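What follows is a short report on a single structure.
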Amino acid sequence: MNCFYFSAFETDCKSTFFQPTAQICVFGVTCFSVYLCRMLVRDIHTHRANAGIGSVRNLSLPEAEQLLQTDTDGLFSVGVHPWNAHEPVDWALLERLAADPRVFAVGECGLDKYAQASLPLQTDVFLRQIRLARRLDKPVIVHCVRCFNELLALKRQFPDSPATGTSKDNLGFCFIVHGFRGKPQLAEQLLKQGFYLSFGEKFNAESLQKTPIGRRFRETDESDMTIDEIESLV
């Protein structure tokens, strides 16, 4: 795969939204060593194989192991969902896959009151993925169901993640709560602790309004709506 560079474009990006990252294959088969920012990411969390440019496709470990052996372009996330936290985890494999430059984020991972694994086990699996994301300086895509007090407590262990968000921030290690549907009071709590929020087909309109554009993502997840339709709402 041939790589080539656009010096003028890189210079412009340094002064606006972009921050340095590893080489990432984004457009077709061309590998750009440029500066990836959230302005480029239209869909932070999707399960669609044909989601297109600007989408971060979530993969399980087996899916990622198979796909990342190819030269498939795109942006991906990979991690251990709390629904699978009770199963054995190949941590060496996850670390290798997460380090791939096409992997934009670690996750989805997190805490779920209704998952089979105990909350202490979920917490252990989640923490290992958070620490991996911090080492790699990549975002964490967070799944959280009725465990927001626990999530906020865990977040306090990682004060080095961004406390505020603007278009000039480096979207490296940070926490992105995906599919956020919570009330505005919860949104405010999360935003004060430095979280980013991602909104999909179903959301609380007041929470969306309280979330600054620089702290807001959109996603299709498993919705039947396209990202264009989501963008028209969010």
Checking residue 80 against (1) of a type in the set (A, V, I, L, M); (2) in contact (Cβ under 8 Å) with a residue 40 or more places away in the chain; (3) more than 20 Å from residue 152 (Cα to Cα), the condition it does not meet: (3)
So residue 68, is it hydrophobic (A, V, I, L, M, F, W, C), out of contact with any strand residue (DSSP E or B) (no Cβ under 7 Å at 6 or more places or on another chain) and under 20 Å from residue 49 (Cβ atoms): yes
Complete set of residues in the stretch 65-87 that are acidic (Asp, Glu), more than 17 Å from residue 119 (Cα to Cα) and surrounded by fewer than 16 Cβ atoms within 10 Å (Cβ to Cβ): 71
From 200, 194, residue being farther than 19 Å from residue 82 by Cα, under 15 Å from the mean Cα position of the chain (by Cα) and buried (at least 20 other Cβ atoms within 10 Å of the Cβ): 200
Residue match in the stretch 15-31 (condition: touching a strand residue (DSSP E or B) at 6+ places or on another chain (Cβ under 7 Å), over 30 Å from residue 233 (Cα atoms) and at pLDDT below 50): yes
Among residues of the stretch 73-110, those that are aliphatic (A, V, I, L, M), in contact with an Asp or Glu (Cβ under 7 Å, 6 or more places away or on another chain) and closer than 20 Å to residue 150 by Cβ, counted: 0
The stretch 39-78, residues that are more than 10 Å from the chain's Cα centre (by Cα) and of a type in the set (Lys, Arg): 42, 48
The lone exception for residue 118 - which of (1) without any contact (Cβ under 8 Å) to a residue 40 or more places away in the chain; (2) hydroxyl-bearing (Ser, Thr, Tyr); (3) under 18 Å from residue 173 (Cβ atoms) it fails: (3)
First in the stretch 207-234 and without any contact (Cβ under 8 Å) to a residue 40 or more places away in the chain, second anywhere and among the basic types (Lys, Arg), Cβ under 9 Å, 6 or more apart: 207/181; 207/183; 208/216; 223/202; 228/42; 233/218; 234/216; 234/218
Of the criteria (1) surrounded by 19 or more Cβ atoms within 10 Å (Cβ to Cβ); (2) touching a Lys or Arg at 6+ places or on another chain (Cβ under 9 Å); (3) under 17 Å from residue 105 (Cβ atoms), which one residue 144 fails: (2)
Hits in the stretch 50-64 - residues which are among the polar types (S, T, N, Q) and either at pLDDT below 95 or surrounded by fewer than 16 Cβ atoms within 10 Å (Cβ to Cβ) (or both): 50, 60
Odd one out for residue 163 among (1) among the small types (Gly, Ala, Ser); (2) modelled with pLDDT of 95 or more; (3) surrounded by fewer than 17 Cβ atoms within 10 Å (Cβ to Cβ): (2)
Residue match in the stretch 131-139 (condition: at pLDDT 95 or above and in contact with an Asp or Glu (Cβ under 8 Å, 6 or more places away or on another chain)): yes
Residue within the stretch 117-137 that is of a type in the set (Gly, Ala, Ser), surrounded by 14 or more Cβ atoms within 10 Å (Cβ to Cβ) and within 17 Å of the chain's Cα centre (by Cα) present: yes
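The values are calculated or read from the model by the stated rules, or taken from the named source; none is laboratory data. As the structure is a prediction and not an experimental result, all values here were calculated from the model. Using ideal geometry, Cβ is built from the backbone for each residue, glycine included, and neighbour counts are taken over all protein chains shown.
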